[in-house]
Amino acid sequence: MTDTTVFQSGNSQAVRLPKEFRFSSKTVEIFRRGDEVVLREKRRTMADVIRDLPDLGDDFPSDIVDAPPPPEPSWDDVK
């Protein structure tokens, strides 16, 4: 276990993270689990993933038509 310091930063309380605990992202989630305060890198949402998808490009076909679903079987045919 590693000890670190707690200090005031404006009106907020802050914790100095040692080098080995640095985050690679700029946003973290914070929550309580029992008597613990947990920090973890923010998980990407589906909206984040979709936003970051590359453009399909000009050569992507624009005239794709979905086929209709097959007809439902009739319950009259069930014996």
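Of the residues contained in region 66-74, none is found to be within 24 Å of the chain's Cα centre (by Cα) and either part of a loop (DSSP other than H, G, I, E, B) or among the aliphatic types (A, V, I, L, M) (or both).
Of all residues in region 1-51, which are acidic (Asp, Glu) and either surrounded by 10 or more Cβ atoms within 10 Å (Cβ to Cβ) or not in a loop (DSSP other than H, G, I, E, B) (or both)? Within region 1-51, GLU20, GLU29, GLU36, GLU41, ASP48 meet the criteria. Taking first residues from region 33-62 that are over 21 Å from ARG22 (Cα atoms) and partners that are part of a loop (DSSP other than H, G, I, E, B), no Cβ contact under 6 Å between residues at least 6 apart in sequence or on separate chains turns up. When ILE30 is tested against (1) of a type outside the set (Asp, Glu); (2) farther than 30 Å from LEU17 by Cα; (3) at pLDDT 90 or above, just one condition goes unmet, and that condition is (2).
The values are calculated or read from the model by the stated rules, or taken from the named source; none is laboratory data. Note that the coordinates shown come from a computational prediction; the quantities given were computed from them, not determined experimentally. Every residue, glycine among them, receives a Cβ derived from its backbone with ideal geometry; neighbour counts consider all protein chains shown.
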